[in-house]
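> Submitted below is the structure of interest, expressed as structure tokens.
Only the coordinates and a few stated rules stand behind these numbers; no lab work does. Because the structure is predicted, anything quoted here is derived from the model rather than measured. Every residue, glycine among them, receives a Cβ derived from its backbone with ideal geometry; neighbour counts consider all protein chains shown.
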Amino acid sequence: MTPFLQITGIAKQYGPVMAVKDVNLTVDHGEFMTFLGPSGSGKSTTLYILAGFEQPTRGDILLNGKTILDTPSHKRNIGMVFQRYTLFPHLSVGENIAFPLKVRGWSKAAITERVRQMLSLVRLEGFEDRKPVAMSGGQQQRVALARALAYDPPVLLMDEPLSALDKKLREEIQHEIRRIHQQTEVTILYVTHDQEEALRLSDRIAVFSKGVIDQIGTGQQLYNDPSTRFVAEFIGDSNFIDTDVVSVNGRFARLALANGAVIDGVPTHGTDFRQGRASLLLRPERIDLRLGKSEGVLPGAVREITFLGNHVQVSVDTQLAAPVDVRLPFGHAALGGLAPGLDVSLDFKIAETHAFQLEDRVPAS
Amino acid sequence: MLLNFNSLGIWKWALLTITVLTAAFLLMPILFIAALSFGSSQWLIFPPPSWTLKWYGALLSDPRWLEAAWTSFRIALIVTFFSVLIGLVASFGLVRGRFMGRSTLRALFMTPMILPVVVLAVALYAFFLRIGLNGTTTGFVIAHLIVALPFSILALTGALEGFDKSIEDAAVLCGASPLRAKLQITLPCISHGLFSAAIFSFLTSWDEVVLAIFMASPTLQTLPVKIWATLRQDLTPVIAAASTLLIIVTVLLMLIAAAVKKGLKA
Amino acid sequence: MAMVSLAKPDNEKRNARRRPVLSRDFVSILPALLLVLVFFVAPVLALLSRSVTEPVFGLQNYIALLGSSTYLKIFFNTFFVSVLVTVISLVIGFPVAWTLAIMPQRWAMVVFAIVLLSMWTNLLARTYAWMVLLQRTGVINKTLMGMGVIDQPLTMVNNLIGVTIGMTYIMLPFIVIPLYGVIRKIDPAILQAAALCGATRFQSLRLVLLPLAAPGMIAGALMVFVMSLGYFVTPSLLGGTANMMLAELIAQFVQSLVNWGMGGAAALVLLVVTLSLYALQLRLFGLAGGERT
Ligand SMILES: Nc1ncnc2c1ncn2[C@@H]1O[C@H](COP(=O)(O)OP(=O)(O)OP(=O)(O)O)[C@@H](O)[C@H]1O
Ligand SMILES: [Mg+2]
């Protein structure tokens, strides 16, 4: 079966800058796919290539098995919501939503009916005659969404549509987007650099780094099984501990910590460790903390306790180079007697750790 | 506290005096001319011994003045059209293009504005003599277009820089062809820029003297050329009448411009 | 795999084809560029070239221009009047722009409207007004005599006094408007800070406000100076033939004397000065409304 949307080997060069190096991706029909990555990692550029505003230097994009690169933007029938507000300022809300329909030569009656439907989809009934300037940022983006969906595009692109809104409003509209996605079954490619937003909305997430996709997967996969140190750092919180590689056995390694402890069976994803060193990932919330000295892997002393609402962050000095952060749920048994300076010991499940190369992965090019 | 009007003490009065005197200095000649144009004295005695409309009568019944005004108007309209059109197309390229030498091109387009117009006038005069454009409407239009275009480009590049291209992109993704998106979405959004470009172009051509003196022929002259030629002979009050009418046109255009600006803000 | 490697060259060809040879953005500049090249750059260069080819090839025109006391006096007049106009405009323009920037909005609007009105009023109308006002039997002479300040009418037209007054009138808005913009942008808190530091008003003016406004003053002054150097209409009408300025000289060479060689040479002198000052301005302040990238 041909995949719904297939991006193969896309690259884009601006003069000396490689904005996108090699992006490969397959998206299923009706999927909510999020591009997550730091600023400048090539998310928007990939989206613009899909929209047809930029031509790729290399690579191809296939929709239902056919290339769309030869189709100009205005004939691609793709919807898009932009980061900045792009409502046509001289047209009313209704006229904005009607614009793509007029362009397509719909009849007046059909347009009126469709505009009404779309307004109710984004819950802005009655705003038809408003001018965009008289609306809040959140409302404007909802109208933009209605406009982009009015002509039933097979693919909807969204480039950080909520980044200009405050946190509360953002969460509210995230909900709306999720609902609308379920209601319309449109395929969505969504760009953000906010991991929480990505986790909340997406079926799958593609993590961008320096013009390539580091890993694609559900939020859980990315969190539990990051394939690079970069992904591990980007999704969830992390401690990285420098270790010596004692031996590698298939996809597992035996590592020696600076305090002399040796742990065996650390998952490596087949990483090729250079210079016999590795970086060990410990998720702060996957570390168990017990009071008192014991023969746990990581004995240490409490350095600092920070109350963070529904959890407590404990920073522990061990014999390692940097303190290790531990996150305990509010009400955790150990919290009662905890105070700075107290002896504690840390423990973790080796299967939940990962070993990466010391440095960030060297780009493939 | 020099930027707080009320804590300036005695300086406040000194500054106000200078400003009021300067405003009077700037306003006086304009009011003076308007008054003289209604004065009865051929010798421009002030205050006039009595009031009259005869200079306006003389002006408006003289076909040479009327023809000069019509010529000016016609040329200014054509110049405005081409200046806005060419300036608009060029501004798109200047603002959005990624080719090399863009800033050099911009500086080149601005030079007619800072170059002494007499040099351009003499140079074009020589050129037009050779190719037979002297004393023709085309010659006038080209000459005025050269000096109007910088204003048009300045206004339109400014407007386009303030316009978020994503809005046009959104229209294109909605299915509008790039041309349609520009016409139906971008142009309405930069209408204030188009409007200033048009007003500046019109006034530049309408008021232009030096080029016009060199382009004019006995059969084709603009209003400023007619005034210039008359002025060199004597200071007849008919010129005061003509000047007053010109001032009224200017004031009207300024008021329209202000109204449009206000309307855009609201 | 085989299919992929087969598909690839095809793909690349298509990607290459999509890049246009001449970017559309550049094409859109062509009409304006052609217009400016054909009817501006080329004619001006042609005129300048005539200065070294007419009547024969050589520098004779420049030698004649710079070797004659008549022409040198015209250069001096031009320079002298331009400096004078610039200085007077600055001295008047600074306090006016300053006042405009801080006076109550409503009154500032009125003054601003007057400035704009005078700027946009037809140049000949304004010059005509000054010809009438300044003539021997004009209002100014009559008023001064009536007040007993003078007992002989002053000669204020057909000399450089008239030219200076008329030109200052025209140039003043070109100082006031940009300078107003500059002073508006200065944060009043800076001057409050100066006052709190113990600066007297005069010290604040000299040490804080003037230096902060200096870029605007220099930019305005350069513009006014350059415009004055090449001004034609007002000097010819108010100055008379005995007090010619450079622009008139160029026109005269071409119109009355039909001496294109000398006309071209004088034009080149004017151009060189103008363009160097323009370049200096670009260097100091960048292009007005310039690129934001
Ligand atoms: N038109 C352009 N010309 C030159 N370089 C560009 C252009 N557009 C993007 N780039 C460069 O390409 C790289 C990737 O940019 P892109 O906008 O795709 O990043 P992004 O992942 O969307 O980042 P952000 O989160 O900041 O939006 C950046 O280094 C950027 O500077
Ligand atoms: Mg982006």
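> Could you list, bin by bin from short to long, the percent of Cα-Cα pairs of region B:66-170 in 10 Å steps?
14, 36, 32, 14, 4, 0
> Here's a follow-up. According to a simple spin-label model (label point 7 Å from Cα along Cα-to-Cβ), what is the distance in nm between residue C:105 and residue C:276?
Taking the two extended label points, one gets 4.7 nm.
> Can you tell me the dipole magnitude for region C:62-285 around its Cα centre, using point charges on the Cβ only (Lys, Arg +1; Asp, Glu -1), in Debye to the nearest 20?
Values: 10 positive and 3 negative charges, 73 e Å.
It works out to roughly 360 debye.
> Identify all lysines with a Cα-Cα distance to residue A:66 below 18 Å; exclude those on the same chain that are fewer than 8 residues away in sequence.
Once the sequence-local lysines are set aside, what remains near residue A:66 is A:75, C:8, C:13.
> Considering the options A:270, A:57, A:334, tell which one lies farthest towards the positive end of the dipole of chain A, charges being +1 on Lys and Arg and -1 on Asp and Glu at the Cβ, about the Cα centre.
Highest projection toward the positive end goes to A:57.
> Could you work out the pair-distance distribution P(r) of region B:127-176 from its alpha-carbon pairs, with 5 angstrom bin width and percents rounded to whole numbers?
For region B:127-176, the pair-distance distribution reads 5, 16, 14, 12, 11, 10, 9, 9, 7, 6, 1.
> What order do you get for C:69, A:209 when you list them from fewest to most C-beta neighbours inside 10 Å? Present the calculation step by step, with values, prior to reporting the outcome.
Details: C:69 8, A:209 22.
With the sparsest Cβ surroundings first, the list reads C:69, A:209.
> Which ordering of C:143, B:71 is given by a fewest-first count of other beta-carbon atoms within 10 Å? Mind dumping the intermediate values first?
Numbers: C:143 11, B:71 21.
Going from sparsest to densest Cβ surroundings: C:143, B:71.
> Further, regarding this structure: Per the Kirkwood formula on distinct C-alpha pairs, the Rh of region B:63-265 is how many angstrom? It would help to have the intermediate numbers written out before the result.
Values: mean 1/r = 0.0539 Å⁻¹.
Hydrodynamic radius (Kirkwood, Cα only) of region B:63-265 equals 18.6 Å.
> Still on this model: Give the peptides A:102-108, C:77-83, B:192-198, A:343-349 in descending order of average Cβ contacts within 10 Å, highest first.
Numbers: A:102-108: 13.4, C:77-83: 19.4, B:192-198: 21.4, A:343-349: 16.6.
By packing density, highest mean first, the sequence is B:192-198, C:77-83, A:343-349, A:102-108.
> Counting each pair of different Cα atoms once, what's the Kirkwood radius of the protein assembly as shown in Å, rounded to one decimal?
On the way: mean 1/r = 0.0295 Å⁻¹.
Final number for the Kirkwood radius of the protein assembly as shown is 33.8 Å.
> With contacts defined as alpha carbon pairs under 8 Å and 6 or more residues apart, what's the relative contact order of chain C in percent?
Numbers: 254 pairs, mean separation 77.7, N = 293.
Relative contact order, chain C: 27 percent.
> Run the simple label-point estimate for residue B:129 and residue B:16 please: 7 Å along Cα→C-beta, distance reported in nm.
5.9 nm
> Positive end of the dipole of chain C, charges at C-beta (+1 Lys, Arg; -1 Asp, Glu), about the Cα centre: which of C:240, C:191, C:121 has its Cα farthest in that direction?
Toward the positive end, the furthest listed residue is C:191.
> If R0 is 41 Å, what FRET efficiency do you get for residue A:321 and residue B:165 from their C-beta distance, rounded to 0.05? Kindly include the intermediate steps, with their values, before the conclusion.
On the way: r = 49 Å, r/R0 = 1.19.
Efficiency, rounded to the nearest 0.05: 0.25.
> Ok, one more. Once you list every other residue whose beta carbon is under 12 Å from the beta carbon of residue B:42, what net charge do they have if Lys and Arg are +1 and Asp and Glu are -1? Let's see the in-between values first.
Numbers: positive: B:54; negative: B:234.
Its environment carries a net charge of 0.
> Can I ask one more? Take every residue in peptide A:97-104, count the Cβ atoms of other chains within 10 Å of its Cβ, and give the average of those counts. List each step's numbers first, then the result.
Numbers: counts 1, 0, 8, 6, 2, 4, 9, 3.
Counting Cβ atoms of other protein chains within 10 Å of each residue's Cβ and averaging gives 4.
> Using the per-residue mean of other Cβ atoms lying within 10 Å as a proxy for protection, in what order, highest first, do the peptides A:322-329, B:200-207, C:107-114 fall? Don't skip to the end; give the middle numbers.
On the way: A:322-329: 18.1, B:200-207: 23.6, C:107-114: 16.0.
Packing order, densest peptide first, comes out as B:200-207, A:322-329, C:107-114.
> Only sites in a loop by DSSP and with at most 10 other Cβ atoms within 10 Å count here; which GluC sites (Glu not before Pro) in region A:262-337 make the cut? Before the final figure, lay out the partial values.
On the way: sites: A:285, A:295, A:304; in loops: A:295.
Sites meeting the loop and neighbour criteria: A:295.
> Once R0 is set to 30 Å, what does the formula 1/(1 + (r/R0)^6) return for the Cβ-Cβ distance between residue A:351 and residue A:178, expressed as a FRET efficiency to the nearest 0.05? Kindly include the intermediate steps, with their values, before the conclusion.
Details: r = 32 Å, r/R0 = 1.08.
Here the calculated transfer efficiency is 0.40.
> Got a sec to turn the phi values of region B:130-138 into Karplus ³J(HN,Hα) couplings, 6.51 cos²θ - 1.76 cosθ + 1.60 with θ = phi - 60°, whole Hz, x for Gly and Pro?
After applying 6.51 cos²θ - 1.76 cosθ + 1.60, I find 5, 9, x, 9, 5, x, 10, 4, 4 Hz.
> Within the protein assembly as shown, what percent of beta bridges assigned by DSSP are antiparallel, to the nearest 5?
Numbers: 60 of 78 bridges.
Just about 75 percent of them are antiparallel.
> Between residue A:75 and residue A:272, what length comes free when the chain is fully extended (0.36 nm per residue of separation minus the Cα-Cα distance, one decimal in nm)? Don't jump to the answer; show the numbers that get you there.
On the way: separation 197, 0.36 × 197 = 70.92 nm, distance 4.65 nm.
Length difference between fully extended and current span is 66.3 nm.
> Also, I was wondering about something else. Which order results if B:2, A:62 are arranged by neighbouring Cβ count within 10 Å, fewest first?
Values: B:2 26, A:62 17.
Lowest count first: A:62, B:2.
> Can you give the average number of partner chain beta-carbon atoms within 10 Å of each beta-carbon in peptide B:202-209, as a whole number?
The shielding value for this peptide is 2.
> In chain C, with Lys and Arg counted as +1 and Asp and Glu as -1 at Cβ, which of these residues, C:112, C:90, C:74, has the Cα nearest the positive end of the dipole, that is, farthest along it?
C:112
> Modelling each spin label as a point 7 Å along the Cα-to-Cβ direction, I'd like the residue A:258/residue B:255 distance in nm, to one decimal.
It is 8.1 nm.
> Still on this structure: Starting from the Kirkwood Rh over alpha-carbon pairs, what translational D in µm² s⁻¹ does region B:1-79 have by Stokes-Einstein at 25 °C and 0.890 mPa s? If you can, show how the numbers build up before the last one.
Numbers: Rh = 16.6 Å.
D = 148 µm²/s.
> What residues from region A:142-157 fall in the zone where the backbone N is under 15 Å from a label point 7 Å along the Cα-to-C-beta line of residue A:169?
A:142-145
> Based on the Cα gyration tensor of region A:153-256, what are the three equivalent ellipsoid semi-axes, each the root of five times an eigenvalue, rounded to whole Å and given largest first? Could the numbers behind the result be given before it?
Numbers: eigenvalues 228, 46, 27 Å².
With the √(5λ) rule applied to region A:153-256, the semi-axes are 34, 15, 12 Å.
> While we're looking at this one, here's another question. What's the whole-number percent of alpha carbon pairs in region A:242-365 lying beyond 25 angstrom?
Working: 2248 of 7626 pairs.
Percentage above 25 Å: 29.
> Return the sequence-ordered ³J(HN,Hα) values of region B:229-241 in whole Hz as given by the Karplus equation 6.51 cos²θ - 1.76 cosθ + 1.60 applied to θ = phi - 60°, using x for Gly and Pro.
Residue by residue, region B:229-241 yields 4, 5, 4, 5, 8, 7, 9, 3, x, 4, 5, 4, 5 Hz.
> In addition: Binning every alpha carbon pair distance of chain C at 5 Å from zero, what are the percents per bin?
1, 5, 8, 10, 12, 12, 12, 10, 8, 6, 4, 3, 2, 2, 2, 1, 1, 0, 0, 0, 0, 0
> Follow-up question, since we're still on this one. What base-10 log of the normalised intensity I(q)/I(0) is obtained for region A:268-309 from the Debye formula, alpha carbons as equal point scatterers, at q = 0.14, 0.17, 0.20, 0.35 Å⁻¹?
Per q value, in the given order, log10 I(q)/I(0) is -0.58, -0.75, -0.88, -1.32.
> If you don't mind, another one. Find how many whole Å separate the alpha carbon centroid of region A:1-53 from the alpha carbon centroid of region A:96-162.
Spelled out, the Cα-based centre of one part sits 26 Å from the other.
> Taking the square root of 5 times each eigenvalue of the Cα gyration tensor, what semi-axes in Å does the equivalent ellipsoid of chain A have, largest first? Spell out each step's value before the answer.
Working: eigenvalues 435, 133, 44 Å².
Gyration-tensor ellipsoid for chain A: 47, 26, 15 Å.
> What pairs in B:226/C:185; A:43/A:167; A:131/A:167; A:12/A:349; A:167/A:349 have C-alpha atoms more than 32 Å from each other? Walk me through the numbers on the way to the answer.
Numbers: B:226/C:185 44 Å; A:43/A:167 22 Å; A:131/A:167 25 Å; A:12/A:349 42 Å; A:167/A:349 35 Å.
Over 32 Å apart, Cα to Cα: B:226/C:185; A:12/A:349; A:167/A:349.
> Let me ask another. Let's see if you can work this out: charge +1 on each Lys and Arg Cβ, -1 on each Asp and Glu Cβ, no other charges. What is the dipole magnitude of chain A about its Cα centre, in debye to the nearest 20?
Numbers: 39 positive and 42 negative charges, 232 e Å.
Value, rounded to 20: 1120 debye.
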